[in-house]
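So the structure is just underneath, and the comments pick up after that.
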Amino acid sequence: MPPPSPLPPTPLIASDAHLAHAGLVELYAGREIPCFESPERATVIRDALLATGDYRLEAPEDHGPDAIAAVHELELIDLVEGVWADAIADGHDPARPLLPDTFLLREYAARMWLDQLPVGRHQRLGAYCFDTATPIVAGTAAAARAAVDIGLTALDRVLEGERLAYGLCRPPGHHAGRNLIGGYCFYNNAAIVAESLLSRGAERVAILDVDFHHGNGTQQIFWDRGEVLYVSLHGDPGAIYPYYSGYATERGAGDGEGATLNLPLPPGTDGDGYVGALEEGLAAIAAFEADAPLVLSLGFDTYHADPICNLSLVTDDYARIGASIASLGFSVVALQEGGYAVDALGANAVAFLGGLRDGLAG
Ligand SMILES: [Zn+2]
């Protein structure tokens, strides 16, 4: 019997624009450390996928600014695009990243006087950025824009008929809210892709988020909208970043009531436990009856050796998880989010996307 004919290569959309979003540090546990979110992550994943022969590397196409403005407030976009220039004009050392040092918290909003904000965008950074893990350098805005174009180009390929396209987005996106940046994220790539689907005629879009962290930005953006289902599996926010969201009691509001499903996972969750929770999420997605490809926020920081993870997944588990998602029957726009165990990222990406790819072809 002849061997089965090989599947056509899956589009892998990537760009080198992210390489200039580098040289970063973050404040973590009271120390300044090299940022976990490094350019090397994307390079390792790209090279491992291409080495399999199953992926076709493509550059992103420029989709312009409108798709970003459909999700994010103009003042946030203005901040991301201009904060570095303002800081440099004010004497900031170009060799050092920008981090906020003063945050605008709800206590201010409730009790203080906010009719005036500082003029320099770098001085306003703490009104938009919610943590000390999201450094900005000269190349950050261009990298963030390229990540959006990567996501939208991956979407184009799926709408043209591919069952799967993978967008190697860096910086990631799922922590970025309508008017917030944080968690290494500036523009919410997955939310922008979902919004783009709606603008192209879809009426119901599902986003599945399997990054280790709750996608607080994605949840916020679609919180009160019933046309987008957001399902997230993540480390229990009672102990895990971003701490203030991702609890099972958060279910959406207004028209979006019931269109948010959070599945927090206890520490030590292994592959069987993970797949069990995933089945609940997939059942919700099936019941939602989306009329569009599935948008997948894909993180590998669920891996047992990830430096900021407390789950117990191993590489083989990713093939199972990918195959489970494929069993839904939806075409998939997979967009890279987190994953910081650099030595294992390549193998984990090959396993996950291989399981997904084979499942969708079967
Ligand atoms: Zn993450």
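Please report, largest first and rounded to whole Å, the three semi-axes of the ellipsoid equivalent to the chain, where each semi-axis is the square root of five times an eigenvalue of the C-alpha gyration tensor.
Each semi-axis is √(5λ); the values are 31, 22, 20 Å.
Given points 7 Å out from each Cα along the Cα-Cβ axis, report the Asp90 to Ser327 separation in nanometres with one decimal.
Roughly 5.3 nm, to one decimal.
Using the alpha carbons of segment 55-176, what is the convex hull volume per residue in cubic angstrom, as a whole number?
For segment 55-176, the hull spanned by Cα atoms encloses 139 Å³ per residue.
Starting from the 7 Å offset along Cα-to-Cβ, what nm value, one decimal, do you get for the label separation of Leu7 and Ala20?
Each label point lies 7 Å from its Cα, and together they span 3.5 nm.
Filter the trypsin sites (Lys or Arg not before Pro) in segment 194-229 down to the DSSP loop ones having no more than 15 other Cβ atoms within 10 Å, then list what survives.
In loop regions of segment 194-229 (DSSP not H, G, I, E or B), the sparsely surrounded trypsin sites (Lys or Arg not before Pro) are Arg200.
Report the full-extension gain for the segment Ile33 to Ala361: residue separation times 0.36 nm, less the Cα-Cα distance, to one decimal in nm.
Taking Ile33 through Ala361 to full extension adds about 113.8 nm, to one decimal.
Quick one: if you take sqrt(5λ) for each eigenvalue of the C-alpha gyration tensor of segment 220-273, what semi-axes come out, biggest first, whole angstrom?
They are 23, 12, 7 Å, listed largest first.
Would you compute, from DSSP H runs of 4+ residues alone, the mean residue ellipticity of the chain at 222 nm, taking -39500 (n - 2.57) per run and dividing by the full residue count, rounded to the nearest 500?
-11000 deg cm²/dmol
What is the extension gain from Glu280 to Tyr244, computed as 0.36 nm multiplied by their sequence separation minus the C-alpha to C-alpha distance, in nm to one decimal?
Length gained between Glu280 and Tyr244: 10.7 nm.
GNM on the chain, C-alpha springs below 10 Å: top fluctuator among Gly120, Gly161, Gly339?
For the chain, modelled as a Gaussian network with Cα springs under 10 Å, the answer is Gly161.
Could you pull out the longest piece of the chain with no exposed loop chymotrypsin sites (Phe, Trp or Tyr not before Pro) in it, calling a site exposed if DSSP puts it outside H, G, I, E, B and it has at most 16 other Cβ atoms within 10 Å?
114-242
Rounding to the nearest 10 and keeping the result within 0 to 90°, find how far the Cα-based axis of helix 342-361 lies from the longest principal axis of the chain.
50
Once you have all Cα-Cα distances for segment 1-123, histogram them in 5 Å bins from zero and send the whole-percent values.
Pair shares across the bins are 2, 7, 11, 13, 15, 16, 12, 8, 6, 4, 3, 2, 1, 1, 0, 0.
Taking the chain as a Gaussian network, where each spring joins two C-alpha atoms under 10 Å apart, which residue of Ala142, Ala239, Ala48 fluctuates the most?
Ala239
Mind jotting down the distance between the C-alpha centroids of segment 141-216 and segment 268-314, whole Å?
Between the Cα centre of segment 268-314 and that of segment 141-216, the gap is 17 Å.
Where in segment 110-140 does the label zone of Asp101 land, with the point 7 angstrom along Cα→C-beta and an amide N cut-off under 14 Å?
122-126
Read the figures in this text as sums done on the coordinates, not as results from a lab. Every value quoted in this text rests on a predicted model; they were computed, and no experiment measured them. Every residue, glycine as well, gets a Cβ built from its backbone with ideal geometry; the counts of neighbours run over all protein chains shown.
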